[in-house]
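K.L.:
I am attaching a structure below and will ask some questions about it afterwards.
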Amino acid sequence: MLEEQFRNHGLTLRVRHRIQHSVTLFEMVAQNHGVSVILNDRPESVNSHPGIVIRPFEEPVWLETGLIWNKNKFLSKCAKEFIRFMAQYAEQHP
């Protein structure tokens, strides 16, 4: 999606790094080492950073996610219930 949007605006997307640690990412952006795309799962940590501006995409970006677990290990009753709940929720909200 990003590559398409860049192309539509006559730009070339050049991914230089994939950074996992948010503090490192925020500092690199704040020091003008590029821009980043992030999941907005912790907006307060982004919005409170003095050197960063955040802008949402005009259109929502939908991500497919899932649950994983070790099939050879014991799952607690709570973990099993959570998996059941999430599966039921996914069926009701396709």
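The values are calculated or read from the model by the stated rules, or taken from the named source; none is laboratory data. Keep in mind that this is a model prediction, so the values were computed, not measured. All Cβ positions, glycine included, derive from the backbone under ideal geometry; neighbour counts span all protein chains shown.
K.L.:
Starting from region 26-44, keep only residues that are under 16 Å from V61 (Cα atoms), then list their pairs with residues that are surrounded by 10 or more Cβ atoms within 10 Å (Cβ to Cβ) and modelled with pLDDT under 85 whose Cβ atoms are within a distance under 6 Å, requiring at least 6 positions of separation or different chains.
P.N.:
S36/L25
K.L.:
Separate question: Which residue, of V37, V29, is of a type in the set (A, V, I, L, M, F, W, C), at pLDDT 80 or above and loosely packed, with under 10 Cβ neighbours inside 10 Å?
P.N.:
From the options V37, V29, the qualifying one is V37.
K.L.:
Say whether the condition of being in a loop (DSSP other than H, G, I, E, B), more than 16 Å from the chain's Cα centre (by Cα) and not hydroxyl-bearing (S, T, Y) is met by at least one residue in region 78-89. Steps first, please.
P.N.:
Kept after step one, since they are in a loop (DSSP other than H, G, I, E, B), are these residues of region 78-89: none.
No.
K.L.:
Follow-up. What are the pairs with Cβ atoms under 7 angstrom where one residue, in region 5-16, is within 17 Å of F57 (Cβ to Cβ) and the other, located anywhere, is surrounded by fewer than 10 Cβ atoms within 10 Å (Cβ to Cβ)? Sequence gap at least six, or different chains.
P.N.:
F6/T12
K.L.:
If you don't mind, there's one more thing I want to ask. Determine whether T65 is among the hydroxyl-bearing types (S, T, Y), in contact with a helix residue (DSSP H, G or I) (Cβ under 7 Å, 6 or more places away or on another chain), part of a loop (DSSP other than H, G, I, E, B) and on the phi < 0 side of the Ramachandran plot.
P.N.:
Here the answer is no, as T65 does not meet what is asked.
K.L.:
Among the residues in region 5-23, are any touching a helix residue (DSSP H, G or I) at 6+ places or on another chain (Cβ under 8 Å), assigned to a loop (DSSP other than H, G, I, E, B), of a type in the set (S, T, N, Q) and exposed (fewer than 13 other Cβ atoms within 10 Å of the Cβ)?
P.N.:
Within region 5-23, one or more residues are touching a helix residue (DSSP H, G or I) at 6+ places or on another chain (Cβ under 8 Å), assigned to a loop (DSSP other than H, G, I, E, B), of a type in the set (S, T, N, Q) and exposed (fewer than 13 other Cβ atoms within 10 Å of the Cβ).
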